[in-house]
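FYI, it's all coordinate maths here, none of it is from the lab. These numbers were taken from a predicted model, which means no experiment stands behind them. Cβ coordinates were reconstructed from backbone atoms using ideal geometry, including for glycine residues, and neighbour counts include every protein chain displayed.
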Amino acid sequence: MSENASQNPAKTADLPSKAWLCAEKYDQVLLSYLVCVWHIFPLKARKILRSFFTNAVIRIRLAEESNKAGNCFRVISQQALDLFLYDTCGTPEAGVEPLKPYARADATTFFNRAWARFTVSRALRRVLFFCQKENELFLYQTLKADLERKPYGERKVKKPMREMYHASERVKELFHQQLEAVLLQTISDSRLVMEEWQQLHQILPELIALDPEMATQHDLAIQDMKAFWLELLKEPVPDTGKTCWGIIHDPKSTLEILQKARKYIQEQRDISSIPAELSEAMNYACLAAELLKNETMDSKQNKRLLARGFFWLSKQQWLDSSTIELAVRAERKMQHMTLVIDQE
């Protein structure tokens, strides 16, 4: 304890600290910890928590810890509560049995898992508030379904695949902003947000919302990929008067039109409206059609890379049979061209 706090504990106790405020927000976690781990009846547990939050010594300790860089209030809160129980409730009259040494590890595991779940629920409430305020509840419904890994085809609200995917990308970004804001309230150093995020994911790996990789990817079920691909094939390509399907599979499509289709798809890669796999598939499908129309290939294209791309395209189960056949034919031609080059 610092010298100033010892000299004037009452003044220090009145000062709110980040750790203290954080512990108050996580009172449901502390309550469940008392009930499930310390086996204290709920009514008595609530009385203990009220004493905990008004205890001057605890406030001083939490205030001091808030000023130390790199402190995690998740750890501090559990330690402070355990210390409070040992110090103030350890008498026989209090009727609270201290934890056995072998039970302490399980107690920490329980506390951390409860903390992780409550952290996610707080972030979700913030997202819900935003969606209600902006009259965009579909975004929140999308987030809940995404976290449950529910395919688009099984959701109550049906919209075009591109619109549903774009909603997923939008709300995922919103959720991560809110989760970071919540995590920032639980540490003493903003630089440790991602570290605490990763810690919680290790504590509760089954909760996908705590997976930092969720921020950079969005995997769709194979039935969604298939539906999305078929929808994409029906989209008109600007300035061509044709759909993607018509351009790729029409023998009369010119190289200029095929290249316009490729450019159209490539321009959408950065707006989170099409999964990367679909844009790559459309790109290679156009290249396959170009190759089959030409005896030679653009020298700017890496021939071995193209061969691998056509092979990848031919193995995607969510593609339609015509595109798979196109990829197989292009791959064979590419292999033949590569063999000819190697022999020269």
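Miscellaneous remarks
- Directionally averaged projected area (convex hull, Cα atoms, the chain), nm²: 25.8
- Dipole of the chain [Lys/Arg +1, Asp/Glu -1 at C-beta], most positive-end residue of 63, 132, 324: 132
- Rg/Rh (Cα only; Kirkwood hydrodynamic radius) as it applies to segment 195-270: 1.25
- Residues in segment 33-50 that a label on residue 100 would reach, taking backbone N under 15 Å of a point 7 Å out along Cα→Cβ: 37-39
- Over the chain, relative contact order from alpha-carbon pairs under 8 Å, at least 6 apart, %: 14
- Taking only the Cα atoms of segment 28-101, the ratio Rg/Rh comes out at 0.97, with Rh defined as the Kirkwood radius.
- Simple spin-label estimate for residue 190 and residue 293 in nanometres, 7 Å along Cα-Cβ: 5.3
- As computed over segment 63-163, the Cα convex hull volume per residue (Å³): 210
- Under the Debye formula (equal points on every Cα, no solvent term), log10 I(q)/I(0) of segment 222-343 at q = 0.12, 0.16, 0.18, 0.23 Å⁻¹: -0.41, -0.73, -0.92, -1.46
- Segment 122-165 versus segment 256-287: alpha-carbon centroid distance in Å: 26
- Gain upon complete extension [residue 51, residue 121; 0.36 nm per residue less C-alpha separation]: 22.6 nm
- Pairs from the list 226/333; 68/150; 156/234 with a Cα-Cα gap above 32 Å: 68/150.
- Estimated from the Cβ-Cβ distance and a Förster radius of 25 angstrom, the FRET efficiency linking residue 67 and residue 109 is about 0.30.
- Taken about its Cα centre, segment 117-215 carries a charge dipole of about 560 debye when Lys and Arg each add +1 at the Cβ and Asp and Glu each add -1 at the Cβ.
- Three principal axis lengths of segment 117-215 [C-alpha, angstrom, descending]: 43, 28, 20
- Between the beta carbons of residue 79 and residue 273, assuming R0 = 45 Å, the FRET efficiency works out to 0.45 to the nearest 0.05.
- Proximity of backbone amide H atoms, modeled 1.01 Å from N, is registered between residue 237 and 242, 243, 244 at under 5 Å, excluding neighbours fewer than 5 places apart on the same chain.
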